[in-house]
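Any read-out appearing in this document is the output of simple, stated calculations on the displayed coordinates, not a laboratory observation. Computed from a predicted model, the values in this text were never measured in an experiment. Every residue, glycine as well, gets a Cβ built from its backbone with ideal geometry; the counts of neighbours run over all protein chains shown.
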There are 2 protein chains.
Amino acid sequence: MKAIVNVFLKNGVLDSQGKAVLHALSHHGFESVTDVRVGKQIIVEMDETDSVVAQEKVSHMCEELLANMVIEEYAIEIVA
Amino acid sequence: MKAIVNVFLKNGVLDSQGKAVLHALSHHGFESVTDVRVGKQIIVEMDETDSVVAQEKVSHMCEELLANMVIEEYAIEIVA
């Protein structure tokens, strides 16, 4: 079973990497870009057949290790 | 219009960050995890009404700036 985890900074937390990319894109002639946010995508393959159990395990992984819950939020998608 | 860009290392390129996360998860008791890949997700907001034009522009952004085409590959999803 495969889980796709997206980790992004919470709204209100300055995304300096996103701002840097926005700035760089503007300087490369992509003036139509108005905002950029940069996050992590983590693909987790696991030996697990029950999608509910998988979702729960991946939630624990996020809370314990994959995301910094003070400044980041996560979304999990179980795909197969 | 909003584009979601996922950037991952090409198959065959060592994903050391993914291996480190896999190792850390195993040590945290998540033994069922068999593989982890870590990539970037970049959300680009742009003043563009034509989704075909938007897709083309974001492809150029990826080739020029967002991805390192020697070792990385990207996927673009235009969402709104």
For the A:Asn68, B:Gln55 Cβ pair and Förster radius 25 Å, calculated FRET efficiency rounded to 0.05 is 0.15
Considering only the other residues whose Cβ falls under 14 Å of the Cβ of B:His27, what net charge follows from Lys and Arg at +1 and Asp and Glu at -1? -1
Could you name the residue in chain A with the C-beta closest to the rotation axis that superposes chain A on chain B, along with the separation in whole Å? A:Gln41, 2
Around A:Cys62 (Cβ within 12 Å, Cβ-to-Cβ, excluding A:Cys62; K/R +1, D/E -1) the net charge comes to -3
Any idea what the B:Leu65 label distances to the other copies are, label 7 Å down the Cα→Cβ vector, nm, shortest first? 3.5
Where the label is 7 Å out from Cα toward Cβ, how close does B:Leu14 come to the same position in every other copy, in nm, shortest first? 3.6
So which of A:Lys2/B:Lys57; A:Lys19/B:Lys57; B:Lys19/B:Lys57; B:Lys2/B:Lys40; A:Lys10/B:Lys10; A:Lys19/A:Lys57 end up more than 26 Å apart, counting from Cα to Cα? A:Lys2/B:Lys57; B:Lys19/B:Lys57; A:Lys10/B:Lys10; A:Lys19/A:Lys57
Which net charge results when you count Lys and Arg as +1 and Asp and Glu as -1 among the other residues whose beta-carbon is under 12 Å from that of A:Ala3? -2
For the Cα atoms of chain A, what angle does the longest principal axis make with the long axis of helix A:51-61, in degrees from 0 to 90, nearest 10? 60 degrees
Nearest-first distances (nm) between copies at A:Thr34, label 7 Å from Cα via Cβ: 4.5
Calculate the dipole size of the protein assembly as shown relative to its Cα centre from +1 charges on Lys and Arg beta carbons and -1 charges on Asp and Glu beta carbons; express the result in debye to the nearest 20. 320 debye
Taking the dipole about the Cα centre of chain B, with the C-beta of Lys and Arg at +1 and of Asp and Glu at -1, give me whichever of B:Gln55, B:Leu14, B:Asn68 is farthest to the positive side. B:Leu14
